[in-house]
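In what follows, a structure is listed as structure tokens, so that the remarks can point back to it.
The values are calculated or read from the model by the stated rules, or taken from the named source; none is laboratory data. Here the structure is a predicted model, which means the values were calculated and not measured. Cβ sites come from the backbone with ideal geometry, for glycine too, and all protein chains shown count toward neighbours. Accessible surface is based on the protein model in full, side chains and every heavy atom, while ligands, DNA and RNA are left aside. Shrake-Rupley method; radii C 1.70, N 1.55, O 1.52, S 1.80 Å.
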Amino acid sequence: MDTLSDSVFPVQCDIRVRQADLGRDDAVSTIGMARWLEDARIRVKLPRFERLVGAGEFGSHQIIFVSQGVERLSSVHRDDADIQVHTGIRRIGRSSFTYEQAVFAGGERVGRGEATVLHLGPSGPLELPDELIADLTELALPDSSETAAPRPGAERRQRDYYAFFVRLPARIADVDANRHVNYLALATWYDEAIAVFTAAALGEAGLVPADLSPSSYRIDYLGEVTYPGDYEIGVRVRAFGENSVDYELGLFRGHTCLGVADARGSRGVLSAKSLGGLR
């Protein structure tokens, strides 16, 4: 995700910190920041496209998330002032487009994110209508013609690529209006898997230290996660340094991979031995 000046983002919206946004360290969590990005995207107005849909001139369709990313650049707390999310359009494709976003607190950039969405009809991807393209073009950021990020390699979809697994059942509270598990709910599943792995690596039954929670996620959605259902998340350590750990994760139902994610967290007191065994 590139760093852009706050002045180039065409849409800004104010954010109020909610209790549910806070992590165990009393600062806004990465998942909490992802919710802010979602709130800001919902507020983006697409007037031409909204009129087209309202007039019944655009057929049955769903807006499906292909991928999303979020990164906390510094801590944000409940009493921080002037919190805003700035939003623009990074890429416009044939059937999809990509948001780019930045989070500011007191004029300082404290986070960033992106999300790619696909317009899907009963028979597959739908070509974006001219009205929507016109709306998106007005929100386009500089260099918004860049190509999309490459998809993860095929090996990431194989169960035997991962060394550690966490079982998670789908919960009815995770299901949204599209009748599948919501994409933000899935982000919390990856958070849970890393927490379980970290607890196992530390050999502790209690809470994982708050500073080991991931500060960034990049998530690719590969298939529909439905309720009811039992799922597993595979965890693999791609690399680690003195201060950080890079994780690779895969979401499975049986042998079918429904999503993959990359995450970065603090290493803290995690030993090289415990991390090396999952590479």
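Quick notes
- Annotation: of all residues in region 239-265 being open to solvent by 10 Å² or more (accessible area, probe 1.4 Å) and closer than 24 Å to T98 by Cβ, the one that is nearest to the chain's Cα centre (by Cα) is D262.
- Out of V260, V245, sole residue that is part of a strand (DSSP E or B), β-branched (V, I, T) and closer than 21 Å to V117 by Cα: V260
- Positions within region 53-71 being modelled with pLDDT of 95 or more and of a type outside the set (G, A, S), in sequence order: Q68, V70, E71
- Single match in A205, A239, A195, A200 (criterion: more than 23 Å from E114 (Cα to Cα), modelled with pLDDT under 95 and part of a strand (DSSP E or B)): A239
- If you go through region 71-82 and keep only what is in contact with a helix residue (DSSP H, G or I) (Cβ under 9 Å, 6 or more places away or on another chain) and open to solvent by 10 Å² or more (accessible area, probe 1.4 Å), you end up with E71, R72, R78.
- Verdict on E71 being acidic (D, E) and closer than 24 Å to R218 by Cβ: yes
Each row is one residue, and each column tells you yes or no for (1) among the small types (G, A, S); (2) outside any helix (DSSP H, G or I); (3) within 30 Å of V110 (Cβ to Cβ); (4) touching a residue at least 60 places away in the same chain (Cβ under 8 Å).
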residue: A34; (1), (2), (3), (4): yes, no, yes, yes
residue: R41; (1), (2), (3), (4): no, no, yes, yes
residue: F49; (1), (2), (3), (4): no, no, no, yes
residue: F58; (1), (2), (3), (4): no, yes, no, yes
residue: I64; (1), (2), (3), (4): no, yes, yes, yes
residue: V70; (1), (2), (3), (4): no, yes, yes, yes
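- Output for region 263-279, where each listed residue is assigned to a strand (DSSP E or B) and among the β-branched types (V, I, T): none
- Output for region 87-120, where each listed residue is open to solvent by less than 10 Å² (accessible area, probe 1.4 Å) and of a type in the set (G, A, S): G88, A102, G111, G113, A115
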